[in-house]
Amino acid sequence: MANDSLGPDWTQHGAAWAEQDALFDRIFAPATRAVVEAADLQGTVLDVGCGGGTLLEAAAAAGATAVGVDISQAMVDAAAARVPAARVVVADAQTADLRTLSDGHGFDRIVSRFGVMFFDDPVAAFGNIRRSAGPDCRMAFVCWQEGSSNRIFTLGTRTLVAALDEPPERPDPGAPGPLAFADRDYLRSILDDSGWSGVSIEPLTFDSDYSTPDGAGGRTDGVEERLAVILATSTGQLVSDRVRASLGESGWADLLDRVRANLRENLVNGVVSHPNQCWLVTARP
């Protein structure tokens, strides 16, 4: 998530995300609620890029039949363990025959939380997803706006990335990655060209607070929690892969301490917290 221009590989790095699933759920809870409310979960629900199963759990709780797809085996395993009633499969939503995963008439709801921005060919992908939709289907998902307005991509991460010999190149606009749909007009063109109608793209802003109960009646400052998020992203893992061995464990520990110091310099009311700017998207086939 944080500057994944380094090259996200969810098949390789999904396990770290799954390990921090509870933390991601907490900091993304408002986005989850927004998707659930916009989708009005019912019938047969497809979660694209289902991750650890947050939306699948919400669908099952609503009495819907929950189906999830993700390209990461680790995430699929985590989702299946979390929501035993759901059907969860490793699949690429850009190319897989998703309709075969429905009950025959297509999905009644299609949802995603930050899981649809990584397609090499987004028009083909959303066209393929549309073909899995039933006649009264509603799609709802959230995706990120511009990275410069979202500290989730930079807070503490810049300090970690600075350890690289060469900084990562800024991805081209629309390139696969977390910011692929930052431009609203581009996103609308993708959905229009792939056959979706009634498209609504509205701003969604919410705060992420990383602090947690400390077991003594108070709360942590969220520094360790934010660091865990950074290291769970593909950026954090790839920086570790590239520089940890050369730095040695002592040097790596010093680098992480510099990240912690940066986070403490940017506390908001004593905790790590930042606003998020996203798009809440709804459409019909």
Just one of the numbered conditions (1) modelled with pLDDT of 95 or more; (2) not in a helix (DSSP H, G or I) is not true of residue 26; which one? (2)
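Which one is nearest to residue 137 (Cα to Cα) among residues in the stretch 65-88 that are open to solvent by 40 Å² or more (accessible area, probe 1.4 Å) and at pLDDT 95 or above? Working first, answer last.
Let us first name the residues in the stretch 65-88 that are open to solvent by 40 Å² or more (accessible area, probe 1.4 Å), namely 65, 71, 73, 77, 80-82, 84-85, 87.
Filter once more, so that each one left must be at pLDDT 95 or above: 65, 77, 80-82, 84-85, 87.
Details: 65: 14, 77: 27, 80: 24, 81: 27, 82: 26, 84: 24, 85: 22, 87: 19 Å.
The selected residue is 65.
Considering only residues that are open to solvent by 10 Å² or more (accessible area, probe 1.4 Å) and under 20 Å from the mean Cα position of the chain (by Cα), look in the stretch 207-220 and name the one that is farthest from residue 277 (Cα to Cα).
If we filter the stretch 207-220 for residues that are open to solvent by 10 Å² or more (accessible area, probe 1.4 Å), which is where we start, we get 207, 209, 212-220.
With the extra rule that they be under 20 Å from the mean Cα position of the chain (by Cα), the set shrinks to 207, 209.
On the way: 207: 9, 209: 15 Å.
For the stretch 207-220, the residue satisfying everything is 209.
Any residue at all in the stretch 221-241 that's over 26 Å from the mean Cα position of the chain (by Cα) and loosely packed, with under 14 Cβ neighbours inside 10 Å? I'd like the intermediate steps shown before the answer.
Going residue by residue through the stretch 221-241, those that are over 26 Å from the mean Cα position of the chain (by Cα) are none.
No, every residue in the stretch 221-241 fails to be over 26 Å from the mean Cα position of the chain (by Cα) and loosely packed, with under 14 Cβ neighbours inside 10 Å.
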Can you pull out the residues in the stretch 166-193 that are of a type outside the set (D, E, K, R) and open to solvent by 100 Å² or more (accessible area, probe 1.4 Å)? 167, 173
Step by step: first the residues of the stretch 98-114, then only those that are touching a strand residue (DSSP E or B) at 6+ places or on another chain (Cβ under 6 Å), more than 19 Å from residue 141 (Cα to Cα) and open to solvent by 30 Å² or more (accessible area, probe 1.4 Å), then the one that is modelled with the highest pLDDT. Which residue is that? 105
Among the residues of the stretch 45-64, which ones are β-branched (Val, Ile, Thr) and either free of Cβ contacts under 8 Å to residues at least 12 places away in the same chain or open to solvent by 10 Å² or more (accessible area, probe 1.4 Å) (or both)? 54
Name the residues in the stretch 239-285 that are hydrophobic (A, V, I, L, M, F, W, C) and within 30 Å of residue 109 (Cβ to Cβ), would you? 278, 279, 280, 281, 283
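The values are calculated or read from the model by the stated rules, or taken from the named source; none is laboratory data. Every value quoted in this text rests on a predicted model; they were computed, and no experiment measured them. Every residue, glycine as well, gets a Cβ built from its backbone with ideal geometry; the counts of neighbours run over all protein chains shown. Just so you know, the surface numbers come from the protein's heavy atoms only, side chains and all, with ligands and any DNA or RNA stripped out. Shrake-Rupley method; radii C 1.70, N 1.55, O 1.52, S 1.80 Å.
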